[in-house]
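Student: So that we are looking at the same thing, I have put the structure below in structure tokens.
The values are calculated or read from the model by the stated rules, or taken from the named source; none is laboratory data. Here the structure is a predicted model, which is why all the values come from computation and not from measurement. Every residue, glycine among them, receives a Cβ derived from its backbone with ideal geometry; neighbour counts consider all protein chains shown. We work out accessible area using only protein heavy atoms, side chains counted, and drop any ligands, DNA or RNA first. Shrake-Rupley method; radii C 1.70, N 1.55, O 1.52, S 1.80 Å.
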Amino acid sequence: MEFIKLQPTMNGLEGVIEIPGDKSISHRSVMFGSIAQGVTRVTNFLPGDDCLSTISCFRKLGVVIEENENEIIIYGNGFDGLKEPNDLLDVGNSGTTIRLLLGILAGRPFFSSLIGDHSIGKRPMTRVTEPLKTMGVQIDGRKNGEYTPLSIRGGHLNPIHYKMPVASAQVKSALILAGLQAEGETTIIEKAESRDHTERMIRKFGGEIQKDNRTITVKGGQKLTASDILVPGDISSAAFFLVAGAIVPDSEIVLKNVGLNPTRTGIIEIMNKMGANLEIRQNAADAFEPAGDLTIKTSSLKGTVIEGDVIPRLIDEIPIIALLATQAEGKTIIKDASELKVKETNRIDTVVQELTKLGASIEATEDGMIIHGGTELKGGTVSSHGDHRIGMMLAIASLLCKDQVELENPESISVSYPNFFSHLNSLKN
Ligand code: S3P
């Protein structure tokens, strides 16, 4: 097993980082480029392992995609241009790839088989496969379609009126993508507002989608037209450096071009509530996806309660927020976050287990965790458990540890942030 030795930082962190492209938007740019008619050029694409899995699946579906690191060109031929793949569609570690792809394949009159890695094999799929079956698709898989490998034979789709039992952008997006191919109007009611990149992208590609509070309506049979996409930086990647800047003494970090879509900015709201020394300069208004520059300085933080509707707007940031809370004064309580159990790892367990090894005072609860702040962190051997966000959180924790940290399985970080360590090292004085 690979591991990396990480030393505490002697000085503050300083510098400017161009945050790499947003993972959710990069996935969707490949998907929409593939189902639209024409040539889509994507700039600041994230060449992380997850997005490369999406490219590989669409190539197997017959789409020509040129790739040049941060820029990709997709030659789309509409939904009808997708062809029956003669190989397994391997989504690797990517939940977004498999769930959204199922929505696209639901309307395609051919057979596909989908597989992924060990982590994907444990992630629930019924949340997508059940409503798709109601629309008329044949899907099968282990445990009656709950787990990979999955097989799908798409075709004619009936629209649905569906009240989502979980707050999930992946489920919502899969149903929207199926709805685009159904005969009639599909309505989806969200449990809580989740990231709206799919809705924004439909409009960007010339399609129509209505949103009234939490009710989303989309008409079937729409034709999408290619559109160039500029992907903003990923706020979920920026989050690691926001927290690093806030907790390492004598730091000042500027994060450039960070996506500031309001369905993703829960971390900014929570850090502000905790007292972070954070400045935001929004770029000129962009109707597609707003972005801006963030400056974070060492902060004196207070514990807080994180619960309710903000949870889906910071769900991926909870591991790094847990680390932030270990350095705040007082207690931080995270509730309503049982979705963490079905991420790349069970992130309630992995966060609690690994931060405890470093000396944090943190308890798991049924739907979140309780973190007692003001703890000094020590060194030790910890593991990413193959989860990119756990790996990055532990690397940031190591900056404050008294002794060396040995991080097992750091390679998983390339899922969303291939140049994470070079960015981190560039901040050290
Ligand atoms: C994502 C949605 C979220 C998030 C994931 C990416 C997306 O998952 O955790 O990393 O791109 O739609 P859920 O929608 O399942 O909560």
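Student: Averaging over all projection directions, find the projected area of the Cα convex hull of the stretch 23-230 and quote it in nm² with one decimal place.
Tutor: The orientation-averaged projected area of the Cα hull of the stretch 23-230 comes to 9.7 nm².
Student: Can you compute the radius of gyration and Dmax for the stretch 79-177, using only the Cα atoms, both in Å?
Tutor: 12.3, 35
Student: Here is a further query. Grab the beta carbon distance between GLU411 and GLU307, set R0 = 25 Å, and tell me the FRET efficiency rounded to 0.05.
Tutor: It comes to 0.15.
Student: Where q = 0.11, 0.14, 0.23 Å⁻¹, what log10 of I(q)/I(0) comes from the Debye formula for the stretch 249-348, counting one point per Cα?
Tutor: -0.36, -0.58, -1.27
Student: Next up: Do you know the relative contact order of the chain, to the nearest whole percent, from alpha carbon pairs under 8 angstrom that are 6+ apart?
Tutor: 18 percent
Student: For the chain, take the longest principal axis of its alpha carbons; what is the angle in degrees between that and the long axis of helix 347-357, to the nearest 10 within 0 to 90?
Tutor: Approximately 20 degrees, to the nearest ten.
Student: Right, another one. Just how large is the dipole of the chain about the Cα centre, in debye to the nearest 20, putting +1 at every Lys and Arg Cβ and -1 at every Asp and Glu Cβ?
Tutor: So the magnitude is around 820 debye.
Student: Compute the length gained on full extension between LYS378 and LYS133: take 0.36 nm times their separation in residues and subtract their Cα-Cα distance, giving the result in nm to one decimal.
Tutor: 83.2 nm
Student: Here's a follow-up. Taking the Cα atoms only, what angle lies between the long axis of helix 388-398 and the longest principal axis of the chain, rounded to 10 degrees?
Tutor: The angle comes out at about 10 degrees.
Student: Let me ask something else about it. Give me the angle, in degrees from 0 to 90, between the Cα long axis of helix 49-60 and the longest principal axis of the Cα atoms of the chain, rounded to the nearest 10.
Tutor: Relative to the chain, helix 49-60 is tipped by roughly 10 degrees.
Student: For the stretch 238-277, list log₁₀ I(q)/I(0) at each q in 0.15, 0.21, 0.24 Å⁻¹, using the Debye formula over Cα point scatterers of equal strength and ignoring solvent, two decimals each.
Tutor: -0.35, -0.69, -0.88
Student: Can you return the aspartates and glutamates within cross-link range of LYS302? Criterion is Cα-Cα under 15 Å, with same-chain partners fewer than 8 residues away left out.
Tutor: GLU269, GLU329
Student: Nearest 20 debye, what's the magnitude of the dipole of the stretch 95-149 about its Cα centre given +1 on Lys and Arg Cβ and -1 on Asp and Glu Cβ?
Tutor: Charge dipole of the stretch 95-149: 80 debye, to the nearest 20.
Student: Sort the following peptides by mean Cβ neighbour count (other Cβ atoms within 10 Å, averaged over residues), highest first: 246-254, 98-106.
Tutor: So the order, starting with the most tightly packed, is 98-106, 246-254.
Student: Compute the relative contact order of the stretch 23-230 as a whole-number percentage, counting only Cα pairs closer than 8 Å that sit 6 or more residues apart in sequence.
Tutor: RCO, the stretch 23-230: 21 percent.
Student: Of the accessible area of the chain, with the probe set at 1.4 angstrom, what percent is carbon plus sulfur?
Tutor: 47 percent
Student: Quick one, can you get me the convex hull of the C-alpha atoms of the chain expressed as volume per residue in Å³?
Tutor: In the chain, the Cα hull volume divided by residue count equals 121 Å³.
Student: Wrap a convex hull around the Cα atoms of the stretch 126-227, take a quarter of its surface area, and give that in square nanometres.
Tutor: Reported value for the Cα convex hull: 6.4 nm².
Student: Shifting gears a bit: List the equivalent ellipsoid semi-axes of the stretch 143-190 in whole Å, largest first, each obtained as the square root of 5λ for an eigenvalue λ of the Cα gyration tensor.
Tutor: 19, 16, 9
Student: Could you tally the net charge around ILE318, taking each other residue with its Cβ under 13 Å from the Cβ of ILE318, Lys/Arg +1 and Asp/Glu -1?
Tutor: -3
Student: Let me ask something additional. If Rh is defined by the Kirkwood formula over all Cα pairs and Rg also comes from Cα, what ratio Rg/Rh do you get for the stretch 345-405?
Tutor: For the stretch 345-405, the value is 0.94.
Student: Right, something else. Nothing charged except the Cβ atoms of Lys and Arg (+1) and of Asp and Glu (-1): what's the magnitude of the dipole of the stretch 1-114 about its Cα centre? Round to the nearest 20 debye.
Tutor: It comes to approximately 380 debye.
Student: I want to make sure I understand the PRE zone here: with the label point 7 angstrom from the Cα of GLU146 toward its beta carbon, which residues in the stretch 100-133 have backbone N atoms less than 20 Å away?
Tutor: 114-133
Student: When ranked by the protection proxy of mean other Cβ atoms within 10 Å per residue, highest first, what sequence do the peptides 341-354, 298-311 form?
Tutor: Result, highest mean first: 341-354, 298-311.
Student: To continue, here is another question. Subtract the Cα-Cα distance of GLN222 and GLN404 from 0.36 nm times their separation in residues, and report this length gain in nm to one decimal.
Tutor: In short, 59.9 nm is gained.
Student: Here is a follow-up. Past 26 Å, Cα to Cα, is the threshold; run LYS133/LYS343; LYS60/LYS163; LYS143/LYS204 against it and keep the listed order.
Tutor: LYS60/LYS163; LYS143/LYS204
Student: Along the Cα→Cβ direction, 7 angstrom out, place labels at PHE111 and GLU366. What is the inter-label distance in nm?
Tutor: It is 4.4 nm.
Student: For ASN213 and LYS122, calculate 0.36 nm times their separation in residues minus their Cα-Cα distance, and state this gained length in nm to one decimal.
Tutor: 29.5 nm
Student: A further question follows. At 1.4 Å probe size, with every protein chain present, just tell me what the per residue accessible area of the chain comes to in Å².
Tutor: On a per-residue basis, the chain sits at 37 Å².
Student: I've got another one for you. Could the peptides 288-294, 235-241, 182-188 be put in order, highest first, of the mean number of other beta-carbon atoms found within 10 Å of their residues?
Tutor: Descending packing order for the listed peptides: 235-241, 288-294, 182-188.
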